[in-house]
Amino acid sequence: MGHLIELNDTLKLKRGAGFPENVRVGGVYDFSIAGRRLYNLKPTRVLLVEEIDGQWNMVGHAMILRQTIDAVAERTTGQFEVSQLYPPEYVRLVNRFDTPAGKGYDVPPG
């Protein structure tokens, strides 16, 4: 039958749907995402990704503080703390080389 829970090391959220408007290191934010997902819990980091028009913008690291999997609603909710934000020059590189093929968001220089 297979697993009914997806194991993730990446928290990928859309702005306005879980990704914070003004993300900052130390900020604590709530998330809600479709599917049954299990994330690494603090002190193990997860990659924090902003999804922009289907593209991945790798912004830094987060620590999952709590999570709940609702099997009936097929939804995972929780709370995370931002532990690191990448500098812009690194974001451009990691988006180019460390995202699924064709999914890296092209960050404008500057």
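So here's what we get for this one:
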| read-out | value |
| --- | --- |
| Search result, residues across region 11-30 that are surrounded by 16 or more Cβ atoms within 10 Å (Cβ to Cβ) and under 22 Å from K103 (Cα atoms) | L11, K12, L13, G18, F19, P20, V23 |
| Residue among I69, I33 that is touching a Leu at 6+ places or on another chain (Cβ under 9 Å) and in contact (Cβ under 8 Å) with a residue 60 or more places away in the chain | I69 |
| Test: residue in region 15-28 that is of a type outside the set (A, V, I, L, M, F, W, C) and more than 17 Å from S83 (Cα to Cα) | yes |
| Residue within region 51-59 that is in contact with a Leu (Cβ under 8 Å, 6 or more places away or on another chain) and not in a strand (DSSP E or B) present | no |
| When residues of region 67-90 are limited to those that are within 14 Å of the chain's Cα centre (by Cα) and not hydroxyl-bearing (S, T, Y), the one surrounded by the most Cβ atoms within 10 Å (Cβ to Cβ) | F80 |
| Residues satisfying the stated conditions in region 1-45, i.e. on the phi < 0 side of the Ramachandran plot, assigned to a strand (DSSP E or B) and not hydrophobic (A, V, I, L, M, F, W, C) | E6, N8, T10, K12, K14, R15, Y29, D30, S32, R37, Y39 |
| E81 without any contact (Cβ under 8 Å) to a residue 60 or more places away in the chain, in a strand (DSSP E or B) and charged (D, E, K, R) | yes |
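For (1) more than 16 Å from K12 (Cβ to Cβ); (2) among the polar types (S, T, N, Q), each residue gets a yes or a no:
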residue	(1), (2)
V28	yes, no
N40	no, yes
P43	yes, no
V49	no, no
A71	yes, no
T99	no, yes
G104	no, no
P108	yes, no
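Every number here is computed from the coordinates shown, using simple stated rules; none is lab data. Nothing here was measured: the structure is a model prediction, and the numbers come from that model. For neighbour counting, all protein chains shown are included, and Cβ atoms are generated from backbone atoms with ideal geometry for every residue, glycine included.
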